[in-house]
1. Name the one entry in Ile98, Ile106 that is out of contact with any Lys or Arg (no Cβ under 6 Å at 6 or more places or on another chain), away from the ligand (no atom under 16 Å from the Cβ) and part of a strand (DSSP E or B).
2. When residues of the range 167-194 are filtered for being within 16 Å of the ligand (Cβ to nearest atom), surrounded by fewer than 24 Cβ atoms within 10 Å (Cβ to Cβ) and either β-branched (Val, Ile, Thr) or outside the structural domain of Ser237 (by TED's automatic domain parsing) (or both), how many remain?
3. Mind telling me which of the residues Leu66, Leu62 ends up being touching a residue at least 40 places away in the same chain (Cβ under 8 Å), under 25 Å from Met262 (Cβ atoms) and open to solvent by 40 Å² or more (accessible area, probe 1.4 Å)?
4. Collect the residues in the range 287-307 that are open to solvent by less than 10 Å² (accessible area, probe 1.4 Å) and polar (S, T, N, Q), keeping them in residue-number order.
5. Could you check, for the range 224-238, whether at least one of its residues is free of Cβ contacts under 8 Å to residues at least 60 places away in the same chain and under 26 Å from Ile259 (Cα atoms)?
6. Taking into account only those residues within the range 231-284 that are within 16 Å of the ligand (Cβ to nearest atom) and polar (S, T, N, Q), which is least open to solvent (accessible area, probe 1.4 Å)?
7. Residues of the range 1-55 being of a type in the set (Ser, Thr, Tyr) and crowded, with 16+ Cβ neighbours inside 10 Å, which ones?
8. Does Phe64 count as within 16 Å of the ligand (Cβ to nearest atom) and modelled with pLDDT of 95 or more?
Amino acid sequence: MSILSVNHLLGIKYLKPSDIDLIFKTADNFKKILNQPIKKVPSLRDISIANLFFEDSTRTKLSFELAEKRLSAEIINLSSTSSSVKKGETLLDTVNNILAMKVDIIVLRHPNPGASVFLSRNVDAKIVNAGDGTHEHPTQALLDAYSIREKFGNVNGRKVVIIGDILHSRVALSNIYCLQKLGAEVRVCGPSSLMPKHLNSLNVEHFSNLDEALEWCDIANILRIQLERQNLNYFPSLREYSMRYGINKKILDKLTNDIVIMHPGPINRGVELSSDVADSKHSIILNQVENGVAIRMAVLYLLALKKSN
Ligand code: CP
(Lines give C-alpha, C1' and ligand atoms only; values in the text may rest on other atoms or scores of the structure.)
Protein backbone atom coordinates (compact mmCIF):
# COMPACT_ATOMS: atom_id res chain seq x y z
CA MET A 1 0.00 0.00 0.00
CA SER A 2 1.33 3.50 -0.86
CA ILE A 3 1.90 5.88 2.02
CA LEU A 4 3.00 9.50 2.34
CA SER A 5 6.68 10.27 2.96
CA VAL A 6 5.66 12.87 5.61
CA ASN A 7 3.95 12.59 9.02
CA HIS A 8 2.34 16.03 8.82
CA LEU A 9 1.15 18.36 6.04
CA LEU A 10 3.15 21.47 6.91
CA GLY A 11 3.85 22.79 3.43
CA ILE A 12 4.20 21.70 -0.18
CA LYS A 13 7.95 22.34 0.21
CA TYR A 14 8.21 19.14 2.29
CA LEU A 15 6.30 16.89 -0.16
CA LYS A 16 7.75 14.69 -2.90
CA PRO A 17 6.04 14.62 -6.33
CA SER A 18 5.05 11.03 -5.48
CA ASP A 19 3.20 12.30 -2.36
CA ILE A 20 1.23 14.77 -4.48
CA ASP A 21 0.44 12.03 -6.98
CA LEU A 22 -0.78 9.76 -4.15
CA ILE A 23 -2.96 12.57 -2.73
CA PHE A 24 -4.48 13.16 -6.20
CA LYS A 25 -5.21 9.46 -6.81
CA THR A 26 -6.78 9.15 -3.35
CA ALA A 27 -8.81 12.32 -4.02
CA ASP A 28 -10.04 10.79 -7.31
CA ASN A 29 -11.60 7.95 -5.31
CA PHE A 30 -13.14 10.30 -2.75
CA LYS A 31 -14.48 12.55 -5.49
CA LYS A 32 -16.35 9.57 -6.99
CA ILE A 33 -17.90 8.93 -3.56
CA LEU A 34 -18.82 12.63 -3.17
CA ASN A 35 -20.79 12.40 -6.40
CA GLN A 36 -22.88 9.48 -5.14
CA PRO A 37 -26.14 9.83 -3.17
CA ILE A 38 -24.44 8.51 0.02
CA LYS A 39 -21.37 10.72 0.44
CA LYS A 40 -20.12 9.35 3.75
CA VAL A 41 -17.51 6.60 4.33
CA PRO A 42 -16.38 5.09 7.67
CA SER A 43 -12.63 5.53 6.94
CA LEU A 44 -11.82 7.78 9.96
CA ARG A 45 -14.47 6.46 12.36
CA ASP A 46 -11.96 6.08 15.22
CA ILE A 47 -10.09 9.35 14.55
CA SER A 48 -10.65 12.65 16.40
CA ILE A 49 -9.75 15.92 14.69
CA ALA A 50 -9.55 19.45 16.15
CA ASN A 51 -9.94 22.37 13.75
CA LEU A 52 -8.18 25.38 15.26
CA PHE A 53 -8.79 28.55 13.28
CA PHE A 54 -6.98 31.55 14.72
CA GLU A 55 -7.64 33.57 11.54
CA ASP A 56 -10.84 34.15 9.54
CA SER A 57 -11.83 31.53 6.98
CA THR A 58 -14.89 30.46 5.01
CA ARG A 59 -13.76 27.94 2.37
CA THR A 60 -10.90 26.19 4.17
CA LYS A 61 -12.74 25.84 7.50
CA LEU A 62 -15.99 24.52 6.02
CA SER A 63 -14.17 22.32 3.51
CA PHE A 64 -12.09 20.64 6.24
CA GLU A 65 -15.19 20.18 8.41
CA LEU A 66 -17.14 18.61 5.58
CA ALA A 67 -14.18 16.40 4.59
CA GLU A 68 -13.88 15.17 8.19
CA LYS A 69 -17.62 14.52 8.51
CA ARG A 70 -17.68 12.60 5.23
CA LEU A 71 -14.83 10.44 6.54
CA SER A 72 -16.87 9.83 9.76
CA ALA A 73 -14.22 11.42 12.01
CA GLU A 74 -15.16 12.96 15.36
CA ILE A 75 -14.53 16.69 15.17
CA ILE A 76 -14.19 19.67 17.50
CA ASN A 77 -13.80 23.30 16.41
CA LEU A 78 -12.11 26.24 18.04
CA SER A 79 -11.64 29.82 16.87
CA SER A 80 -9.46 32.47 18.49
CA THR A 81 -12.43 34.77 19.07
CA SER A 82 -14.15 32.24 21.37
CA SER A 83 -11.14 30.58 23.01
CA SER A 84 -8.97 31.14 26.08
CA VAL A 85 -6.22 32.41 23.75
CA LYS A 86 -7.95 35.75 24.37
CA LYS A 87 -7.13 35.32 28.07
CA GLY A 88 -3.41 34.88 27.32
CA GLU A 89 -3.07 31.11 26.89
CA THR A 90 -0.22 30.07 24.57
CA LEU A 91 -0.74 28.07 21.38
CA LEU A 92 1.23 25.20 22.87
CA ASP A 93 -0.82 25.13 26.08
CA THR A 94 -4.04 25.32 24.07
CA VAL A 95 -3.03 22.41 21.85
CA ASN A 96 -1.67 20.26 24.70
CA ASN A 97 -4.99 20.71 26.55
CA ILE A 98 -6.88 19.63 23.44
CA LEU A 99 -4.58 16.63 22.98
CA ALA A 100 -5.22 15.59 26.60
CA MET A 101 -8.78 14.94 25.38
CA LYS A 102 -7.33 12.26 23.02
CA VAL A 103 -7.32 14.10 19.70
CA ASP A 104 -5.30 12.59 16.84
CA ILE A 105 -5.07 15.33 14.20
CA ILE A 106 -4.84 19.13 14.53
CA VAL A 107 -5.87 21.30 11.57
CA LEU A 108 -4.37 24.74 12.21
CA ARG A 109 -4.90 28.12 10.61
CA HIS A 110 -2.70 30.71 12.27
CA PRO A 111 -1.46 34.24 11.44
CA ASN A 112 2.17 33.39 12.30
CA PRO A 113 4.35 31.87 9.57
CA GLY A 114 5.83 28.62 10.91
CA ALA A 115 3.11 28.01 13.54
CA SER A 116 2.37 24.52 12.12
CA VAL A 117 6.05 23.57 11.94
CA PHE A 118 6.45 24.73 15.55
CA LEU A 119 3.51 22.57 16.69
CA SER A 120 4.74 19.52 14.77
CA ARG A 121 8.03 19.70 16.69
CA ASN A 122 6.44 20.16 20.10
CA VAL A 123 3.28 18.05 20.30
CA ASP A 124 2.36 14.42 19.73
CA ALA A 125 -0.27 14.71 16.96
CA LYS A 126 -0.52 14.93 13.20
CA ILE A 127 -0.51 18.57 12.13
CA VAL A 128 -2.22 19.90 9.00
CA ASN A 129 -1.37 23.46 8.03
CA ALA A 130 -4.56 25.22 6.91
CA GLY A 131 -2.64 28.45 6.19
CA ASP A 132 0.11 30.03 8.31
CA GLY A 133 0.49 33.77 7.80
CA THR A 134 2.40 34.61 4.63
CA HIS A 135 4.13 31.20 4.56
CA GLU A 136 2.17 28.26 3.04
CA HIS A 137 -1.39 27.07 2.35
CA PRO A 138 -0.70 23.52 1.18
CA THR A 139 -4.25 22.19 0.76
CA GLN A 140 -5.13 25.24 -1.37
CA ALA A 141 -2.20 24.54 -3.69
CA LEU A 142 -3.12 20.85 -3.87
CA LEU A 143 -6.73 21.60 -4.80
CA ASP A 144 -5.56 24.23 -7.32
CA ALA A 145 -3.17 21.80 -9.05
CA TYR A 146 -5.80 19.04 -8.87
CA SER A 147 -8.30 21.37 -10.60
CA ILE A 148 -5.76 22.08 -13.37
CA ARG A 149 -5.15 18.32 -13.77
CA GLU A 150 -8.92 17.79 -13.98
CA LYS A 151 -9.36 20.54 -16.59
CA PHE A 152 -6.36 19.70 -18.81
CA GLY A 153 -5.66 16.02 -18.06
CA ASN A 154 -2.26 16.83 -16.53
CA VAL A 155 -0.26 19.63 -14.92
CA ASN A 156 3.09 18.88 -16.58
CA GLY A 157 3.96 21.48 -19.23
CA ARG A 158 1.13 23.89 -18.37
CA LYS A 159 1.95 27.59 -18.17
CA VAL A 160 0.50 29.17 -15.04
CA VAL A 161 0.70 32.84 -14.14
CA ILE A 162 -0.14 33.92 -10.59
CA ILE A 163 -1.33 37.54 -10.60
CA GLY A 164 -1.43 40.01 -7.73
CA ASP A 165 -0.06 40.31 -4.23
CA ILE A 166 2.65 37.63 -4.34
CA LEU A 167 4.57 39.24 -1.46
CA HIS A 168 1.90 38.57 1.18
CA SER A 169 0.44 35.40 -0.31
CA ARG A 170 0.82 31.92 1.17
CA VAL A 171 -1.28 30.64 -1.74
CA ALA A 172 1.33 31.90 -4.22
CA LEU A 173 4.27 30.23 -2.47
CA SER A 174 2.48 26.88 -2.07
CA ASN A 175 1.27 27.03 -5.69
CA ILE A 176 4.78 27.74 -6.97
CA TYR A 177 6.20 24.74 -5.08
CA CYS A 178 3.34 22.45 -6.07
CA LEU A 179 3.10 23.34 -9.76
CA GLN A 180 6.87 23.20 -10.25
CA LYS A 181 7.05 19.78 -8.58
CA LEU A 182 4.42 18.61 -11.08
CA GLY A 183 6.32 20.02 -14.09
CA ALA A 184 4.36 23.20 -14.81
CA GLU A 185 6.05 26.50 -15.72
CA VAL A 186 5.10 29.20 -13.21
CA ARG A 187 5.46 32.95 -13.57
CA VAL A 188 4.02 35.84 -11.58
CA CYS A 189 2.52 39.20 -12.52
CA GLY A 190 1.86 42.36 -10.52
CA PRO A 191 3.50 45.55 -9.29
CA SER A 192 7.20 45.12 -8.38
CA SER A 193 6.39 46.39 -4.88
CA LEU A 194 4.23 43.27 -4.34
CA MET A 195 6.93 40.80 -5.46
CA PRO A 196 9.11 38.99 -2.89
CA LYS A 197 12.87 39.60 -3.08
CA HIS A 198 13.60 35.85 -3.24
CA LEU A 199 11.63 35.36 -6.51
CA ASN A 200 14.81 34.43 -8.46
CA SER A 201 15.66 31.69 -5.97
CA LEU A 202 12.20 30.20 -6.65
CA ASN A 203 13.00 30.10 -10.39
CA VAL A 204 9.99 32.27 -11.19
CA GLU A 205 9.98 35.12 -13.73
CA HIS A 206 8.00 38.30 -13.23
CA PHE A 207 5.70 40.06 -15.74
CA SER A 208 4.93 43.66 -14.90
CA ASN A 209 2.60 43.88 -17.92
CA LEU A 210 -0.76 42.11 -17.52
CA ASP A 211 -1.46 41.66 -21.27
CA GLU A 212 1.92 39.96 -21.82
CA ALA A 213 1.29 37.65 -18.85
CA LEU A 214 -2.16 36.65 -20.11
CA GLU A 215 -0.89 36.06 -23.68
CA TRP A 216 1.82 33.74 -22.27
CA CYS A 217 -0.29 31.58 -19.96
CA ASP A 218 -2.75 28.68 -20.18
CA ILE A 219 -4.05 29.43 -16.69
CA ALA A 220 -4.22 32.68 -14.70
CA ASN A 221 -4.56 32.26 -10.93
CA ILE A 222 -5.73 35.62 -9.61
CA LEU A 223 -5.01 36.71 -6.04
CA ARG A 224 -6.68 39.23 -3.81
CA ILE A 225 -4.76 42.23 -2.49
CA GLN A 226 -4.21 41.25 1.14
CA LEU A 227 -4.76 44.58 2.82
CA GLU A 228 -4.89 42.92 6.26
CA ARG A 229 -1.21 41.98 5.88
CA GLN A 230 0.00 45.30 4.48
CA ASN A 231 1.30 48.01 6.79
CA LEU A 232 2.78 50.09 3.97
CA ASN A 233 1.35 51.59 0.81
CA TYR A 234 2.52 49.20 -1.92
CA PHE A 235 0.56 50.98 -4.70
CA PRO A 236 -1.21 54.35 -4.96
CA SER A 237 -4.81 53.09 -4.59
CA LEU A 238 -7.00 50.02 -5.16
CA ARG A 239 -8.52 51.84 -8.14
CA GLU A 240 -5.13 52.26 -9.79
CA TYR A 241 -4.19 48.64 -9.00
CA SER A 242 -7.43 47.54 -10.62
CA MET A 243 -6.81 49.67 -13.72
CA ARG A 244 -3.38 48.03 -14.29
CA TYR A 245 -3.91 44.49 -13.01
CA GLY A 246 -7.67 43.93 -12.75
CA ILE A 247 -9.04 41.35 -15.20
CA ASN A 248 -12.30 41.93 -17.05
CA LYS A 249 -14.05 40.46 -20.10
CA LYS A 250 -12.76 43.20 -22.42
CA ILE A 251 -9.16 42.17 -21.60
CA LEU A 252 -9.88 38.45 -22.12
CA ASP A 253 -11.69 39.14 -25.44
CA LYS A 254 -8.55 40.81 -26.84
CA LEU A 255 -6.36 37.73 -26.19
CA THR A 256 -5.38 35.39 -29.02
CA ASN A 257 -5.61 32.37 -26.64
CA ASP A 258 -8.42 30.93 -24.52
CA ILE A 259 -7.28 30.94 -20.89
CA VAL A 260 -8.62 29.41 -17.69
CA ILE A 261 -9.25 31.70 -14.71
CA MET A 262 -8.69 30.55 -11.13
CA HIS A 263 -9.00 32.34 -7.79
CA PRO A 264 -8.54 30.89 -4.28
CA GLY A 265 -11.17 33.24 -2.83
CA PRO A 266 -12.35 35.42 -1.28
CA ILE A 267 -12.79 37.51 -4.44
CA ASN A 268 -12.87 41.29 -4.25
CA ARG A 269 -15.20 41.71 -7.23
CA GLY A 270 -14.36 44.73 -9.32
CA VAL A 271 -10.81 44.98 -7.94
CA GLU A 272 -8.71 42.01 -9.16
CA LEU A 273 -11.53 40.34 -11.09
CA SER A 274 -14.79 41.54 -12.65
CA SER A 275 -18.00 39.57 -12.27
CA ASP A 276 -18.26 39.00 -16.04
CA VAL A 277 -15.02 36.97 -15.79
CA ALA A 278 -15.49 35.41 -12.33
CA ASP A 279 -18.85 33.97 -13.42
CA SER A 280 -17.89 33.16 -17.01
CA LYS A 281 -17.04 29.90 -18.81
CA HIS A 282 -13.34 30.78 -18.37
CA SER A 283 -13.64 30.44 -14.60
CA ILE A 284 -13.10 27.17 -12.67
CA ILE A 285 -13.33 28.94 -9.30
CA LEU A 286 -16.25 26.85 -7.98
CA ASN A 287 -14.62 23.65 -9.29
CA GLN A 288 -11.64 24.55 -7.08
CA VAL A 289 -13.96 24.82 -4.08
CA GLU A 290 -15.66 21.51 -4.94
CA ASN A 291 -12.30 19.74 -5.31
CA GLY A 292 -11.15 21.12 -1.94
CA VAL A 293 -13.33 18.62 -0.08
CA ALA A 294 -11.96 15.56 -1.92
CA ILE A 295 -8.37 16.82 -1.56
CA ARG A 296 -8.80 17.42 2.20
CA MET A 297 -10.42 13.99 2.62
CA ALA A 298 -7.38 12.49 0.87
CA VAL A 299 -4.87 14.39 3.01
CA LEU A 300 -6.59 13.46 6.31
CA TYR A 301 -7.10 9.85 5.27
CA LEU A 302 -3.46 9.41 4.19
CA LEU A 303 -2.08 11.07 7.33
CA ALA A 304 -4.28 8.89 9.57
CA LEU A 305 -3.10 5.82 7.66
CA LYS A 306 0.49 6.85 8.22
CA LYS A 307 -0.14 7.02 11.97
CA SER A 308 -1.18 3.39 12.18
CA ASN A 309 1.99 2.19 10.39
N1 CP B 1 -8.88 30.13 -0.02
C2 CP B 1 -9.00 30.35 1.30
O3 CP B 1 -8.09 30.06 2.09
O4 CP B 1 -10.18 30.91 1.65
P5 CP B 1 -10.65 31.14 3.17
O6 CP B 1 -9.74 32.19 3.76
O7 CP B 1 -12.08 31.56 3.09
O8 CP B 1 -10.47 29.83 3.90
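1. Numbers: Ile98 fails: part of a strand (DSSP E or B).
Every option except Ile106 fails the conditions.
2. Residues flagged as within 16 Å of the ligand (Cβ to nearest atom), surrounded by fewer than 24 Cβ atoms within 10 Å (Cβ to Cβ) and either β-branched (Val, Ile, Thr) or outside the structural domain of Ser237 (by TED's automatic domain parsing) (or both) within the range 167-194 amount to 0.
3. Working: Leu62 fails: touching a residue at least 40 places away in the same chain (Cβ under 8 Å).
After applying the criteria, what remains is Leu66.
4. Quick first cut of the range 287-307, residues open to solvent by less than 10 Å² (accessible area, probe 1.4 Å) only: 288, 291-292, 294-300, 302-303.
Answer for the range 287-307, where residues must be open to solvent by less than 10 Å² (accessible area, probe 1.4 Å) and polar (S, T, N, Q): Gln288, Asn291.
5. First, pick out the residues of the range 224-238 that are free of Cβ contacts under 8 Å to residues at least 60 places away in the same chain: 227-228, 231-233, 235-238.
Narrowing further to those that are under 26 Å from Ile259 (Cα atoms): 238.
Scanning the range 224-238, I find at least one residue that is free of Cβ contacts under 8 Å to residues at least 60 places away in the same chain and under 26 Å from Ile259 (Cα atoms), so the answer is yes.
6. Per the criteria, the residue is Ser283.
7. Correct list: Tyr14, Thr26, Ser43, Ser48.
8. On the way: within 16 Å of the ligand (Cβ to nearest atom): yes; modelled with pLDDT of 95 or more: yes.
Considered against the rule, which asks whether it is within 16 Å of the ligand (Cβ to nearest atom) and modelled with pLDDT of 95 or more, Phe64 comes out as yes.
The values are calculated or read from the model by the stated rules, or taken from the named source; none is laboratory data. Keep in mind that this is a model prediction, so the values were computed, not measured. Don't worry about glycine lacking a Cβ; one is built from the backbone with ideal geometry, like all the others, and counts go over all protein chains shown. Surface areas here come from the heavy atoms of the whole protein model, side chains and all, with no ligands, DNA or RNA. Shrake-Rupley method; radii C 1.70, N 1.55, O 1.52, S 1.80 Å.
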